[in-house]
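Visitor: Sharing a structure here in structure tokens format.
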Amino acid sequence: MTTTELLGIHHVTAMTHDIEKNYHFFTEVLGMRLVKKTVNQDDIHTYHTFFADDQGTAGTDMTFFDFPNNPKGIRGTNAITRIGFRVPNDAALDYYLHRFESFGVKHNGIIDLFGHKALPFEEEDGQRYQLVSDEHNEGVSAGIPWQNGPVPTDKAIYGLGPIEMTVSYYEDFKHYLMTIYGMRILESGDDYSLLEIGQGGHGGQVILRRDETSRQAIQGYGEVHHVSFRVKDSHAIKTWADKYESLGIMSSGLVDRFYFEALYSRVGHILIEISTDGPGFATDESYEYLGERLSLPPFLEPKRHIIEEMIRPFDTSRKH
């Protein structure tokens, strides 16, 4: 493995229309920790929340933009269609199945997913997820379950799992993922491929599906905005920016997000980001208080009073 290779999934960002309900679902039902409450740096009157493992480890982040006045997204092809979360064992799926029943969460029951057990489910926005058991998984390391969360640590979500993408231009998209991003095919059929990057396993997998008949998906709440893949550091992401430029691939250029560095490029209709593992979310908050206050990167701090007047306050403090 080279020092610039993609290491696995970094984060997934989706859209919600009620950030407070979304916060309660992720922390109280799923048992993921809010590790950062900030704003969308490209749209500062919009919240950007990060739910992750106990410490906000790269590869465990599910993040949300809050768009309370936007319409609901429309499902279709050429989109990221399901997000995976890793749990440590098969017993965790049984635990969450009963938990979902008690909270009234819509689910499809436990299924087989490429030889592993999984539990597909949805939340109120219509966003589609699945829990995937790591019982027989190897590869990219998982994170650390939230130590003070509502779910027992031997059952809790501790990382992102396989990301499902569905496209009408299946062969071209698959070729692009393999030749540009270095993804490897683990299993393939006429209308699907399971691909992996880095050390592989659930933390480095993409499920690519063919759909040439559905309508084009339309962005809105309940849909995914983008997926990001991990690289080690500034040197690695600079190498990727140079690679894009040398190949004539349109990109955002390097963007300093304070908590990590980012590089964006659109592949067909799907926005793919590359992000560095650091500096991380403890840059401006201590471990004990991660996610409890509105955090702003230094370049936005002078605008704090304006931002706080524009966004709807909601309480994310925890008992200590």
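Just so it is clear, none of the values below were taken in a lab; they were calculated from the coordinates. Keep in mind the model is a prediction, meaning the values are calculated, not measured. Cβ coordinates were reconstructed from backbone atoms using ideal geometry, including for glycine residues, and neighbour counts include every protein chain displayed.
Visitor: I need the P(r) histogram for the chain: all alpha carbon pairs, bin width 10 Å from 0 out to the longest distance, whole percents.
Guide: 6, 28, 38, 24, 5, 0
Visitor: Membrane-span-like helices in the chain: DSSP H runs reaching 18 Å or more (Cα, own axis), mean Kyte hydropathy at least -1.0?
Guide: 90-103, 234-247
Visitor: Right, next: With a cut-off of at most 13 other beta carbons within 10 Å, and DSSP calling the residue loop, which chymotrypsin sites (Phe, Trp or Tyr not before Pro) in segment 222-317 qualify? Please list them.
Guide: On the way: sites: Phe229, Trp240, Tyr244, Phe258, Tyr259, Phe260, Tyr264, Phe281, Tyr287, Tyr289, Phe299, Phe314; in loops: Phe258, Tyr259, Phe299, Phe314.
Passing both the DSSP loop test and the Cβ count: Phe299.
Visitor: Can you grab the distance from the C-alpha centre of segment 235-303 to the C-alpha centre of segment 156-187, Å, no decimals?
Guide: Answer, in whole Å: 21.
Visitor: Follow-up. For segment 95-172, state which chymotrypsin sites (Phe, Trp or Tyr not before Pro) are in a DSSP loop and have at most 15 other beta carbons lying within 10 Å of their beta carbon.
Guide: Values: sites: Tyr95, Tyr96, Phe100, Phe103, Phe114, Phe121, Tyr129, Trp146, Tyr158, Tyr169, Tyr170; in loops: Phe114, Trp146, Tyr158, Tyr169.
Hits after loop and neighbour filter: Phe114.
Visitor: Along the charge dipole of the chain, Cβ charges K/R +1 and D/E -1, which of Gln205, Ser252, Gly278 sits furthest on the positive end?
Guide: The residue sitting most towards the positive pole is Ser252.
Visitor: R0 = 35 Å: FRET efficiency of Asp112 with Ala282, Cβ-based, nearest 0.05? Before the final figure, lay out the partial values.
Guide: Numbers: r = 38 Å, r/R0 = 1.09.
Efficiency, rounded to the nearest 0.05: 0.35.
Visitor: Follow-up question, since we're still on this one. Amide H to amide H, which residues 5 or more places from His225 or on other chains are under 5 Å from it, using H placed in the peptide plane?
Guide: Answer set, sorted by chain and number: Thr13, Ala14, Met15.
Visitor: Which ³J(HN,Hα) values in Hz, rounded to whole numbers, follow from the phi angles of segment 134-143 under the Karplus curve 6.51 cos²θ - 1.76 cosθ + 1.60, where θ = phi - 60° and Gly and Pro get x?
Guide: Values, residue by residue: 8, 3, 10, 9, 9, x, 3, 5, 8, x Hz.
Visitor: Relative contact order of the chain: what whole-number percent is it, with Cα pairs under 8 angstrom and at least 6 residues apart?
Guide: It comes to 24 percent, rounded to a whole number.
Visitor: Which residues does a label at Gln147 reach in segment 285-320, if reach means a backbone N under 16 Å from a point 7 Å past the Cα toward the Cβ?
Guide: It comes to 286-291, 319-320, nothing else.
Visitor: How much mean residue ellipticity at 222 nm does the chain get from its helices, if each DSSP H run of length 4 or more adds -39500 (n - 2.57) and you divide by all residues, to the nearest 500 deg cm²/dmol? Working shown, then result.
Guide: On the way: 5 runs with 51 residues, N = 320.
The helix contribution divided over the chain gives -4500 deg cm²/dmol.
Visitor: Next up: Could you give the size of the charge dipole of segment 8-310 about its Cα centre, using +1 on the Cβ of each K and R and -1 on the Cβ of each D and E, expressed in debye and rounded to the nearest 20? Don't skip to the end; give the middle numbers.
Guide: Numbers: 27 positive and 45 negative charges, 72 e Å.
The dipole of segment 8-310 has a size of about 340 debye.
Visitor: Can you pull out the GluC sites (Glu not before Pro) in segment 203-251 that DSSP calls coil and that have at most 10 other Cβ atoms within 10 Å?
Guide: Details: sites: Glu212, Glu223, Glu245; in loops: Glu212, Glu223.
Counting only loop positions with at most 10 other Cβ atoms within 10 Å, the GluC sites (Glu not before Pro) in segment 203-251 are Glu212.
Visitor: Say the cut-off is 18 Å between C-alpha atoms; which of Lys37/Lys238; Lys21/Lys106; Lys21/Lys155 go over it?
Guide: Values: Lys37/Lys238 27 Å; Lys21/Lys106 16 Å; Lys21/Lys155 23 Å.
In this structure, Lys37/Lys238; Lys21/Lys155 lie more than 18 Å apart at Cα.
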